[in-house]
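In what follows, a single structure is set out as structure tokens and then discussed.
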Amino acid sequence: MKKQIIVSGLGGQGAVTLTRLLAEAAIAMGLPVITSETHGMAQRGGTVISMVKVGNFHGPLIPAGAADLGLILQEKNVAVHGHYVKPGGTLVVNGTTPGDYLTLDALGMAAGLGLPPVTVNLIVLGFAAGKGVLFCGDALLAEVIREKSPPRFQEGNLKAFQAGKHAGQEDRRTGGR
């Protein structure tokens, strides 16, 4: 198994947390994993990109056009980091504008569930799991989220992940993008 994933968002959206959850899932499966994070001006809401390489890789960086999957937490970042995903790869985007990618309004979903905006990362992760585009199953991800979430956030984090997963499964059944 070899999978290269980029996670792109703005500072404070949980891109680094999402990266760590994916890495923990790979470790739980006994797979080699390498991560890399570029924070930039993240503390001021600037762009963040993280890379996850699952399988036997040597370096931590993913070249442009080589990622199998992109998890984009901020729609405008498609223009910034979308080029990392290879032709035929998959982009999963938190947004409302249709494009050549899988889209869901994760921010609207979080608000509708009474969850804070930072849970967009887990909704997008759940959506990708529901679409079947990750290297691992949703049960393992739910367990990793349960284990790694601080107790006071555990219930909300799992609720966000499950909501995204169900949205992805429903969309899959109806043939939508």
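Residues whose amide H lies under 5 Å from that of Asp105, counting only those 5 or more places away or on a different chain, are Gly95; hydrogens are built 1.01 Å from N in the peptide plane.
Figure the gain on full extension for Asn56 and Ser36 (residue separation times 0.36 nm, minus the Cα-Cα span) and round it to one decimal in nm.
Values: separation 20, 0.36 × 20 = 7.20 nm, distance 1.52 nm.
Gain on extension, Asn56 to Ser36, equals 5.7 nm.
Extension gain for Arg146 to Asp100 (0.36 nm times residue separation, less C-alpha to C-alpha distance): 13.3 nm.
From least to most packed, judged by other beta carbons within 10 angstrom and beginning with the fewest, Ser50, Ser8, Ser149 follow the order Ser149, Ser50, Ser8.
Could you please rank Leu115, Leu31, placing first whichever residue has the fewest other Cβ atoms within 10 Å of its Cβ? Don't skip to the end; give the middle numbers.
Numbers: Leu115 20, Leu31 17.
Final ranking by Cβ density, sparse to dense: Leu31, Leu115.
Amide H to amide H distances under 5 Å link Ala67 with Val85, Lys86, where only residues 5 or more positions off or on other chains count and H is placed in the peptide plane. When the C-alpha to C-alpha distance is required to be over 18 Å, the pairs from Lys2/Lys76; Lys2/Lys86; Lys53/Lys86; Lys3/Lys148 that qualify are Lys2/Lys76; Lys3/Lys148. Coupling constants for the stretch 109-114 follow from the phi torsions by the Karplus curve (6.51 cos²θ - 1.76 cosθ + 1.60, θ = phi - 60°), and in residue order they are 5, 4, 4, x, 8, x Hz; glycine and proline get x.
Go ahead and estimate [θ] at 222 nm for the chain from helices alone: -39,500 (n - 2.57) per DSSP H run with n ≥ 4, summed, over the residue count, rounded to 500. Intermediate results must be reported in sequence, preceding the final value.
Numbers: 6 runs with 73 residues, N = 177.
Here the helix-only value at 222 nm equals -13000 deg cm²/dmol.
Three principal axis extents of the chain based on alpha-carbon atoms, in descending order, are 41, 38, 34 Å. Based on DSSP, what percent of beta bridges with both residues in the stretch 3-174 are antiparallel, to the nearest 5? So the antiparallel bridges in the stretch 3-174 amount to around 55 percent. A full extension of the chain between His83 and Ala64 corresponds to an added length of 6.3 nm, given 0.36 nm per residue minus the alpha carbon distance.
For the stretch 148-160, the Karplus equation 6.51 cos²θ - 1.76 cosθ + 1.60, evaluated at θ = phi - 60°, returns couplings of 8, 7, x, x, 6, 9, 4, 4, x, 5, 5, 4, 5 Hz by residue, with Gly and Pro reported as x. Comparing mean-square fluctuations of Asn157, Asn94, Asn56 from a GNM of the chain with C-alpha springs under 10 Å, the top value falls on Asn56. Residue by residue, the stretch 75-85 carries 3J(HN,Hα) couplings of 3, 5, 6, 4, 5, 7, 10, x, 5, 6, 7 Hz when phi is fed to the Karplus relation 6.51 cos²θ - 1.76 cosθ + 1.60 (θ = phi - 60°); x denotes Gly or Pro.
Please report, in debye to the nearest 20, how large the charge dipole of the stretch 3-174 is about its Cα centre when each Lys and Arg carries +1 at its beta carbon and each Asp and Glu carries -1 there.
Values: 14 positive and 12 negative charges, 25 e Å.
For the stretch 3-174, the charge dipole is close to 120 debye.
Values quoted throughout were computed directly from the atomic coordinates according to the rules given, and no laboratory measurement underlies them. Values in this document were obtained by computation on a predicted structure and should not be read as measured data. Here Cβ is always computed from backbone atoms with ideal geometry, including for glycine, and neighbour counts include all displayed protein chains.
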